[in-house]
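See structure below.
Where a number appears in this text, it was derived from the coordinates with a stated rule and is not lab data. These numbers come from a predicted model, not from an experiment. Glycine gets a Cβ as well: all are built from the backbone with ideal geometry, and neighbour counts include every protein chain shown.
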Amino acid sequence: MLNPRLRKIVNKIRDETLRRKVSEFLNDLSVKIHGETYIGLPLEESPAAKFRHHSYSGGLLEHILSTTNIALAICNSVEKIYTGKVNRDLVISGVILHDILKPLTYVVKENGAYRDSPLGEKADHLALIVSELIRRDFPLDLIHIVAAHHGEAGSITPKTVEALICHLADAADSQLNSEVIRAAGYLVREATGEIWEKIDSETAFKIVHSKAIGGWSGLRETIKKMRQNYKNKGSSEEEPMKE
């Protein structure tokens, strides 16, 4: 079953054929190479990266949802401020698909961290998704959006407005996530002397907000409550800190 929040975004694609193809892809996140079928982590449990951003369970889905939101805001600016033309169907589809095969490239280590899967050691997510989009007969303009989403850091740069929007939205959300988690880690370290190795976005934003409105005393109280919540939840969630 497709995640309801993701399905809501897919349903924004107006072109019926493209909407169907994207939906079918999301329901079959696998690739076949030389007679072998590769599958990966469940989408809702996959990180979006091992280290840099959204590097926790559920991070990939968060990244897709947030990047779509940012991309559509940029579309509004292009259309309403600059009176430009944007194919929103391509933008939405590109954002949904740009990292969608990352779950195949990771495995979870015993300590909860991530490392490359046997497939991920030999082919990165970009090579996999581009080849799979070609195999599944997606439009060239959409393939270009996905292929160019790394911008100057990739093998090809954006050549269309839609590709540029997806690249900028992807970069903005990745930086937003990494920066707020880094800020939260710093605040925890300054407040308690502890190093929290696992911080998700929800926790990070709560930490930053608590410092902004309550100062250091408010932050320490928030951390205290977080510890208690982890204890109340028992062994189902690991406390995100290293003493």
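A few notes on this one:
- Charge dipole (Cα centre; +1 on Lys/Arg Cβ, -1 on Asp/Glu Cβ; no other charges) of the chain amounts to roughly 540 debye.
- Sorted on the mean count of surrounding Cβ atoms within 10 Å across their residues, most packed first, peptides 140-146, 172-178 read 140-146, 172-178.
- Extension gain for Q175 to R136 (0.36 nm times residue separation, less C-alpha to C-alpha distance): 10.9 nm.
- ³J(HN,Hα) computed for each position of the range 165-178 - Karplus, 6.51 cos²θ - 1.76 cosθ + 1.60, integer Hz, glycine/proline x: 4, 5, 4, 5, 5, 4, 5, 5, 5, 4, 5, 4, 5, 5
- Modelled FRET efficiency - R0 51 Å, N111 with K159, Cβ distances, 0.05 increments: 0.75
- Rounded to 10°, Cα long-axis angle of helix 125-135 versus longest principal axis of the chain: 30 degrees
- From most to least packed by mean Cβ count within 10 Å, the peptides 95-107, 51-63, 120-132 give 95-107, 51-63, 120-132.
- C-alpha long axis of helix 88-97 to longest principal axis of the chain, angle in °: 60 degrees
- Global geometry of the range 4-175, whether rounded, prolate or oblate, following the gyration tensor of its Cα atoms and the 1.5 cut on a/c: prolate
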